[in-house]
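Scroll down for the structure; my scribbles are underneath it.
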Amino acid sequence: MKINRASFAPRLLGYLGLLPFIIPTAFLFCDHHHFMVWRNLLISYAAVILSFLGAVYWGVAMIVKEMPIKKRNVMLSWSVIPSIVAWIGLLIPQVYGLIVMSIFFVISFFMDMQLMKSEAKPTWYLPLRFQLTVVVTTCLVTAAYLVKPVLINV
């Protein structure tokens, strides 16, 4: 099996970046004494990564020199929306915050699909984003499902 050197580092870093999603989600099932700690770790990391996804658009808007000003302004505007959604997701009850963020990770993936149609990009990016999005949304939806009973009993 031949390893694509251009995609090795992004894939490795992307997969390692899933650990702060997977580990707290797993501990939600087995460490009920620290349930709130694991839930807080998960939603906080989700907010950070959602903000990170918006930053991609800021970077592309800065780097692509021939981009029409209207498109540049749209990309710059979009680049801050994930951060705002993540912030709101931290302020509302966690069940809803987890759901909102999971939905927005999917929306962000579809935005990336649109970006990939119009800008030069590495071939590994979209398949990697899809894989990461599936794992992230699975963790967030699972945590939202587990959080709901805790909120009802409180």
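The values are calculated or read from the model by the stated rules, or taken from the named source; none is laboratory data. None of the values given here were measured: they were computed from a predicted structure. Quick reminder, even Gly has a Cβ in these numbers, built from the backbone with ideal geometry, and neighbours come from all protein chains shown. For the accessible areas, the whole protein counts, side chains as well, though only heavy atoms, and no ligand, DNA or RNA atoms are used. Shrake-Rupley method; radii C 1.70, N 1.55, O 1.52, S 1.80 Å.
Some points to look at:
- Comparing mean-square fluctuations of ILE88, ILE63, ILE103 from a GNM of the chain with C-alpha springs under 10 Å, the top value falls on ILE63.
- Of all accessible heavy-atom area on the chain, the percent that carbon and sulfur account for (1.4 Å): 75
- Separation in nanometres of the label points that stand 7 Å from Cα toward Cβ, at ASN40 and GLU66: 5.1
- Gain on full stretching of the segment that runs from LEU16 to LEU76 - 0.36 nm per residue minus C-alpha separation: 18.8 nm
- Each label point was placed 7 Å from the Cα along the Cα-to-Cβ direction; for ASN4 and TRP87 their separation is 3.6 nm.
- Remark: region 1-136 carries 61 Å² of accessible area per residue (probe radius 1.4 Å; ligands, DNA and RNA excluded).
- Among VAL136, VAL80, VAL64, the largest mean-square fluctuation in a Gaussian network model of the chain (Cα springs under 10 Å) belongs to VAL64.
- In a reduced charge model with +1 at each Lys and Arg Cβ and -1 at each Asp and Glu Cβ, the chain shows a dipole moment near 480 debye about its Cα centre.
- Highest-fluctuation residue, LEU126, LEU28, LEU13 considered, GNM on the chain with Cα pairs under 10 Å: LEU13
- Computed from the C-beta positions of VAL48 and ALA120 and an R0 of 25 Å, the FRET efficiency is 0.35 to the nearest 0.05.
- Computed log10 I(q)/I(0) for region 27-154 at 0.10, 0.21 Å⁻¹: -0.37, -1.16, from the Debye equation with unit scatterers placed on every C-alpha and solvent omitted.
- Karplus 3J(HN,Hα) series, Hz, for region 136-141 with 6.51 cos²θ - 1.76 cosθ + 1.60 (x for Gly, Pro): 4, 5, 4, 5, 5, 5
- The mean sequence distance of close C-alpha pairs (under 8 Å, at least 6 residues apart), as a share of the length of region 26-154, puts its relative contact order at 27 percent.
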